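The values are calculated or read from the model by the stated rules, or taken from the named source; none is laboratory data. Keep in mind that what you see is a predicted model, and the values were worked out from it rather than measured. Note that each Cβ is placed from the backbone with ideal geometry, even for glycine, and that neighbours are counted across all protein chains shown. These accessible areas exclude ligands, DNA and RNA; they are computed on the full protein's heavy atoms, side chains included. Shrake-Rupley method; radii C 1.70, N 1.55, O 1.52, S 1.80 Å.
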Amino acid sequence: MTDYPCLAHIDIAALITAAGGNPWHIDDSLQCGDAASISDLSRAFIAAGACTAQTYREFEQAQTRFRASWNHRNGENPINDSVEVQRATTDLMVQRDHLPAIGAVLSGIAADLAEAQRFSGSTIRTLNGQLEYIDALVGQALIHDHDIADLENSSV
């Protein structure tokens, strides 16, 4: 999708070699990123975090109700003290804390990508315009040199 400028006098390949890199290729690569999809993913993580937080609150309420209702024998809580319940509690707590944070980071990445795409596209358009202008100046200089050479040859 590279959109090289149309140049008559400047060799793009030589220019890329002299520059040490291909700005059009870099822009193409950057423009392939999908900031909207990253933003959608961010919203999904934030929503999942909200759901997990709600689930955690409901889970805590159920545990509290169970503790209040359980007739303790030997001080044990066979359900609340079980390995599965402890693991679920830990997992829900981790998800509740991390999912919104992941969503926030993804939102920042989406914004950074969109800004970089806009800046890169603008910079490439400016570069193309400047190269076309310089190429036109080179063309004018070549015509001028050719005219001077013709004058010199005709007066001999």
Output wanted: per-residue J couplings in Hz (rounded whole) for segment 2-10, from phi through Karplus 6.51 cos²θ - 1.76 cosθ + 1.60, θ = phi - 60°, x for Gly and Pro. 4, 10, 5, x, 8, 10, 9, 10, 9
Give me the percent of the accessible area of segment 1-63 that comes from carbon and sulfur atoms, probe 1.4 Å, all protein chains in place. 61 percent
Estimated distance in nm for a label pair at Gln63 and Ile143, the labels positioned 7 Å out from Cα along Cα-to-Cβ: 8.2 nm
PRE zone check, label point 7 Å out along Cα-to-Cβ of Ala116, amide N under 18 Å, scope segment 3-45, hits 21-42
I want the local charge near Arg57. Using Cβ-Cβ distances under 14 Å, sum +1 for each Lys or Arg and -1 for each Asp or Glu among the other residues. -1
